[in-house]
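One structure is given below, encoded as structure tokens.
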Amino acid sequence: MPTIDSQVHAYERNHPGRPWAGTLVGPAEVTGDEMVAAMDSVGVDGALLVSPFSMYRYDASYAIEVHAKHPARFRLIKPVDTTDPGVADTIAGWASTPGAVGVRIMLRDEVSSDPADPGINRALAAAARHSLPVNLMCWGRLGQAAQLAARNPNAQLVIDHVGLPQPFAPPPPAQPFADLSNLLALAAHNNIAVKISGACTLSHEPFPYKDIWDPLGRIFDAFGFARCLWGTDWTRAVGLLTYKEGVESFRVTDRLSDSDRAMLMGGALQRVYHWPEWHDYFMILGTASATLIGAMFVVVSIGSGFLTRERAIGIRTFLTSTVVNLSATLSGAALTMVPALDWLWLGGIVGVVGIAGLVYSLREMLGFNQHPGTDRSDWFWYTIFPVIGYALLLAAAATALRGMPVSLDLLAAALAFLLAAGIRNAWDMIVFLVTMPRTPE
């Protein structure tokens, strides 16, 4: 299970091209490249990149640039203005942005505290229509969050930063979990999850912050780990701990089982934000394809001595087609394992494989059509299934070139079709070779 941080920030130095509206506690600059380097140094696989409101307000253009450069590492959250009459259109536009998985509402002092506020509810309804979870910054307003959840049962709300005020610099609050009971009450709403982000900044003890685990345990018990999302809130927490400490404190504790830790530090986030993790799936596809290719060559090598010239030609025809399809599956799966491969390269390579495979399969289809006596099931498995697979590869390439995460879904479907055809056809040939008479005709 990958480790995914539920909240990090990245930003440029203040400059006229993208001026800051305010300041955020932290370094003068934390670029996307620097954030990736920090994640790599402690084995964090991905993160939700939340456009920093303090600096950029409702402009998420820098976060979009970072995602374009590191599409496999980040998904994007954009703050939205609930006082804007066009907020629903803003959310609709954001939903089509590559990498966008959610929006953020900041219940600041100037934002209405009325649970019936039209602007807030308009934003929640729009987010629900587009399947975008809503990060809710609601320190001191957990009661309002409960009523908003009740009014918008189809909207997925995610409470920011344990729902509790957190410091930007030492010391932590004297009673950091004073409002914990109000947070726990939100667990009754199935459409509310909670980010366990920045929790270490509430500790009165040094690393590994043992005094936070009893109250955190109550949160885990109330919400369940499937609704709790670990995060660091880097760089806001820079004045109280290092990024490594924010990560390692949850790895070294004995208060979490391995399965609970996996859910808390990535699994729940993938479910809530619809961020599928395809690594294991593609690994299985690649391994299966490579194994089948090897097995076929072994069996063909053993059986080749018993083949007549005519049978050898026929077997070679079917063998080549099957190896081509399995090799395409292996290549596609291997591509997804390349570190930091961007959408452009992924789309380009997958597109080339898709075009070549589709041309080859259509040629094979014409060859089958010239032999009316060919078994119909062979025609289906050797031509129709591969054609569908390569067509899906082209769709995956087109969406990857546009930076759309759905390309991985299409790639997964394409390789599944190609592997299914490869498994059936490899088995068909292997059975034929091992069961045929052991003397040439």
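The values are calculated or read from the model by the stated rules, or taken from the named source; none is laboratory data. None of these values were measured; they are calculated from a predicted model. Note that each Cβ is placed from the backbone with ideal geometry, even for glycine, and that neighbours are counted across all protein chains shown.
Before moving on, here are some points about what is shown:
- The set of residues in the stretch 148-186 being under 22 Å from Asp233 (Cα atoms) and among the small types (Gly, Ala, Ser) consists of Gly163, Ala169, Ala174, Ala178.
- Evaluated against (1) closer than 30 Å to Glu65 by Cα; (2) at pLDDT 75 or above, Trp343 falls short on exactly one condition, (2).
- Qualifying positions in the stretch 204-227 - crowded, with 21+ Cβ neighbours inside 10 Å, more than 28 Å from the chain's Cα centre (by Cα) and in a helix (DSSP H, G or I): Ile212
- Gln166 being farther than 17 Å from Ser197 by Cβ, at pLDDT 95 or above and not charged (D, E, K, R): no
- Residue within the stretch 133-154 that is touching a helix residue (DSSP H, G or I) at 6+ places or on another chain (Cβ under 9 Å), in a strand (DSSP E or B) and not hydrophobic (A, V, I, L, M, F, W, C) present: yes
- Taken as a whole, the condition of being more than 26 Å from Ala400 (Cα to Cα) and in contact with a Ser or Thr (Cβ under 6 Å, 6 or more places away or on another chain) does not apply to Gly17.
- Any hit, the stretch 248-264, residues being of a type in the set (Phe, Trp, Tyr) and modelled with pLDDT of 90 or more: yes
- Only residues that are part of a helix (DSSP H, G or I) and either surrounded by 23 or more Cβ atoms within 10 Å (Cβ to Cβ) or among the acidic types (Asp, Glu) (or both) were counted across the stretch 228-246, and they come to 4.
- Answer from Arg57, Arg18, Arg73 - the residue that is modelled with pLDDT under 95 and of a type in the set (Lys, Arg): Arg73
- Pairs are defined by a Cβ separation below 8 Å, a sequence spacing of at least 6 or placement on different chains, a first member in the stretch 199-215 that is at positive phi, and a second member that is of a type in the set (S, T, N, Q); the pairs so defined are Tyr209/Ser203; Tyr209/Ser249.
- Considered as a group, the residues in the stretch 99-136 that are in contact (Cβ under 8 Å) with a residue 60 or more places away in the chain and buried (at least 19 other Cβ atoms within 10 Å of the Cβ) include one that is farthest from Ala72 (Cα to Cα), and that residue is Asn135.
- When the helices (runs of 4 or more DSSP H) confined to the stretch 1-82 are screened for residues that are crowded, with 21+ Cβ neighbours inside 10 Å, those reaching at least 2 such residues are found at 32-41, 61-69.
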